[in-house]
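Just so it is clear, none of the values below were taken in a lab; they were calculated from the coordinates. Bear in mind that the values here come from a model prediction, so they are computed numbers and not experimental data. Heads up, the Cβs are rebuilt from the backbone with ideal geometry, glycines too, and the neighbour counts pull from every protein chain shown.
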C-alpha cells in the first residue's frame, strides 16, 4: 500500500527536472467581453522562464454555447499557431517531448474542443493535457488487467461497435509491454451474443475473456451497483488496472451523462440509467482501476458531450485518462499508441494524437521521470523482465486496489481543502502539502490494516458481510406521515415515463413504467391563473396515466401532513414544473404538504451526515447588478434577529455591493455587513474560512461558453452603474468550495434574472444537492427582485423556526434530523398570497422555487473537528470497498476509531460506512 504525497500538480511538476513547455488556456469572464487567454511558459530543469501571453475574444474562436450544438470545426487563429511554432523552435524543445496543455479551471466547454488536432497540425509533436493531480497512481507494473464495458445502444451501428470492441482488444494486447496483460469484456445482450459469434481469432485470444451477462433481475435495480457487482464477481474479486468504456453520452445544455443499460435481455422495455461523472468515478474506485479510457458510439450527436464528460472525469479523480473516438482504421493505430503509453511499466515516449486527448503524467514521459519521495510507485517493487524464470505475480484483490484509489482521492480532496484555490488552477499559493495530522494518521491506520491482511492472504470468505449489516436510516425507513416518491424517466418510444417508487400503501404494478403523453414544449406559460390551471391539469393528466401514481396523488390530496417527492431520472424531465400539479387543489399550496425533488448522492465518500458545532453560521451574498438588495437585506436581517430572540444560536455575515447599504450597516445590528469580495477566488475563500451551514445568493445567473455562473456586482460596478457584475462564480468552483468545507446544510440560489430552466439554476441546484449541499433551492425561471424578497422573508422565518425546534438541547455527540421541505411550502404560500390578484401575469410566481434534497433526510451531528475528520475518512473508506471485501478487514478498519483519542462507540459508522 502507498500513501500519496498530497503535493499539488505545480509542485510535483517543479520536482520533475526536465525541460518542458506548458500552454495555459483560460477563460477571462470580463463583463460583455469574455476572452480566451493563452499563456506559454517554459521550464529548464527547475527554473521557470518568462512567458508569452495571447488574448482573443471568445466569439472569434467558435466555442459552442452549449453541448446541444452540433460538432463544429475548431481552428486556432493562424497567428497564435505560427507564434507557438516559432516559440518552440526558438526554445529548441526536442520533437519527441510533449507540449503540456493546461486548461485552467473553470473553462466551460473548452475541454470538449479538439485542441490536440488544432495544435498538432501545426506543431508536429505530442500534446498531453495536464491533470489536476500529477502523482502517479500506485500499481503493479508487471500486470495489466483491462476491462471493456460495452454500453452503447444495441439498436444502432452494430457493425461499427463490434469493430470498436475488436480494435480496443487489439490495441490493449499490442500496446501493452507488461509481463502479463489480460482483457475482460463485459457486454450486455445482445452485444454478448454478437461477440460470441465471432471466430476466436478475430476477438478471443487466450488473454481475453467475454463474460456471460447476469441472470434477469425482476423489479427495480440500481444499474451502477449491478454492473459493479457483475464485474467484481466475474473477476473473482481481482482488481482491474484500467476500464475502457464504449458508450453513448447524452448532452444537456451545460452537462453530459453516460448512458448505462441493463445487462440482461428482455422482451419489453430496455432499462437505462444516466451516470454522472461522479457515478463513473465511484465505479472505478470500487473496481480498483487507476486509469480509464472512453470511446463514444460514433455519431456527431454525442461527440461534444462525450469529450466534455471525459474531460470532466479527468479532473474529478486522480490517474490518467484517455479519450478516443475510434471512428476510422487509423484511429486504431493511435489507440494502440495510447495504450502503449498508458500501460508502459517505465517512462516512455508519449503518443501524438490528432483525435481525442490524453491526460498523462510527467513522470510517465521518457527523460521526464523523477523520484518523488522514497515511496515512489516506480520503486516499490522489483521489475521482472520477459524471459525471467520467476512466475508472474497475481493481481491484488480489488478491495486492496479500491483502498489505494480511496487514498488517492482522499488526498486530492484534502489538497483542495488546504489550498486557497479549490480548483487547483493557479501556480501560486497552492504549493503546500496537506498538513492535517489527523488525515495522515487516519489514512496510515487504514493502510496498516489493509497491508497486514494482504500479507496474511485474508480472503473474502472470512465472514459473510451481508449478515452483519447494522440497521441504519435509509430511504425506505424514513417515511413521512404520508409520502409518495414518483420517478420521471424515459420510455422506449422517446417519451417521458412515470412510475411509483414508494408509498405507504402497496399498489399492483407500481414500479412498472408508463409512458406519459406530455409535450412539455407546448405547455402554457406559468403566468395567469388560467394558464397555471391549464398547466397543472396537463401535468396531472400525464402523471395519472399510471394508476398507482393517480391513487397516491388522490391520497395525498386528502391527507395531512403529506409529501410528494419527484425523482427526475433524465435531463429532459427537469424542465416541466412538476411542483404545479393540481388534483385540485394545488398540492404544493396545500397546508402541511411538501413537494420536492430528489437528488441522489453522487459521491460514495460522502457520509450523508453533516457535522457542526455551535453557533450555526449563515453567509449571504446580496448583489445583483441593477437590482437593489435593500429589501433582501432587511428580510434576512429581520429573520435572523427573530431567530436569535427565540434562542437560536446563529451568526450571519452579509456581503453587499451597494456602498450606501454598507454605510448604513449600523441600521442592521446583529449581523456582520461588509463588501462583496472582488473576485470569485476570494468569494470562495470567504466561504471556506467561515464554513457556513447556510449559504444564500441573491444575484444574477447565466451560462457562458457552457460554464454556469453566478454573477455578483462589486462596489465599483455599482458606483459606475454597470449593468453586469464583474465577479463571476462558476458552479464548479462553488461546488468544490462547499465540498471542501463539508459543513453546508442548505444553499439558496435566489437569482433575480438570467436563469433558464434547461441551462441554469434548476440544474445548478440539482448538482449542488447531489454532491455539496444536501438541500438546495433554485428558481426555475427569472424571478423579480420583489418576489425574491417575499420568498426570502417567508422561507427563512420557517427555516430558523425548524432549526430551533430540531436542535434544541443538542450537545456534543448528539444527532438530529432536519426536514426543511415545509419551509419552501411556507414560501410558496406567501408568494401565492402576494400575487394572487395582481399583477395578472404574476399569479404563477409561487411555482418558481424548486427544492432538491437527498434521498435520505438531512442528518446533523455535533462533533469536534478532528473527530469529525476521522469518522468521515473511515466511513468513506468503508463505503469505497467492494462487496467482496472480507468482513474481518472492514471490522479492523472500523476498530482504528478506538485509537487515541477514541471515538465513542455510538458515533462510529457500521462496517459498511453507514452513519447511524
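Where a ≥ b ≥ c are the square roots of the eigenvalues of the C-alpha gyration tensor, would you call segment 591-719 rounded, which needs a/c under 1.5, or, failing that, prolate if a/b is larger than b/c, or oblate?
Because a/c hits 1.5 or more and a/b fails to exceed b/c, segment 591-719 counts as oblate.
Using just the alpha carbons, could you tell me how many Å³ per residue the convex hull of segment 483-598 encloses?
Taking the convex hull of the Cα positions in segment 483-598, it is 91 Å³ per residue.
Rounded to the nearest 0.05, what FRET efficiency do residue 122 and residue 153 give with R0 = 41 Å and r taken as the Cβ-Cβ distance? Could you check? Don't skip to the end; give the middle numbers.
Details: r = 37 Å, r/R0 = 0.89.
Between residue 122 and residue 153 the formula returns 0.65.
With the crude spin-label approximation of a point 7 Å out along Cα→Cβ, what separation in nm comes out for residue 233 versus residue 511?
Here the modelled spin labels are 1.6 nm apart.
If you take the square roots of the eigenvalues of the alpha-carbon gyration tensor of segment 277-348 and sort them as a ≥ b ≥ c, do you get rounded (a/c under 1.5), prolate (a/b over b/c) or oblate?
oblate
Determine, from the Cβ-Cβ distance of residue 59 and residue 716 and an R0 of 25 Å, the FRET efficiency 1/(1 + (r/R0)^6), rounded to the nearest 0.05.
0.50
Only bridges whose two residues both fall in segment 483-598 count here: according to DSSP, what percent of them are antiparallel, nearest 5?
Here the antiparallel bridges make up roughly 45 percent for segment 483-598.
Length gain on complete extension for the stretch residue 817 to residue 534, per 0.36 nm per residue less the alpha carbon to alpha carbon distance?
Between residue 817 and residue 534, full extension yields an extra 98.1 nm.
What is the list of residues in segment 131-172 whose amide nitrogen lies under 19 Å from a point 7 angstrom out from the Cα of residue 197, following Cα to Cβ?
150-167
In nm, give the distance between the simple-model label positions of residue 451 and residue 547, each being 7 Å from the Cα along the Cα-to-Cβ direction.
6.3 nm
Listed highest first by mean packing, meaning other Cβ atoms within 10 Å per residue, what order do 90-98, 235-243 come in?
235-243, 90-98
Neighbour counts of other C-beta atoms within 10 Å: give me 881, 553, 822, 198 arranged from fewest to most.
The fewest-first ordering by Cβ neighbours comes to 198, 822, 553, 881.
Order by neighbour count: 354, 195, fewest other Cβ atoms within 10 Å first, most last. Mind dumping the intermediate values first?
Numbers: 354 16, 195 21.
Taking fewest neighbouring Cβ atoms as first place, the list is 354, 195.
Is the shape of segment 707-839 best called rounded, prolate or oblate, per the rule: a/c under 1.5 gives rounded, else a/b larger than b/c gives prolate, else oblate, with a ≥ b ≥ c the square roots of the Cα gyration tensor eigenvalues?
Verdict is oblate for segment 707-839.
How big is D, in µm² s⁻¹, for segment 796-847 by Stokes-Einstein at 37 °C and 0.692 mPa s if Rh is the Kirkwood radius over C-alpha pairs?
On the way: Rh = 12.9 Å.
It diffuses with D of about 255 µm²/s by this estimate.
Extending each Cα 7 Å along its Cβ direction at residue 554 and residue 899, get the distance between those two points in nm, one decimal.
According to this spin-label approximation, the distance is 6.1 nm.
Ranked highest first by the average count of other Cβ atoms within 10 Å around their residues, in what order do 441-450, 579-588 fall?
Final packing ranking: 579-588, 441-450.
List 274, 399 from most exposed to least, where exposure is judged by having the fewest other Cβ atoms within 10 Å.
Starting with the residue having the fewest Cβ neighbours, the order is 274, 399.
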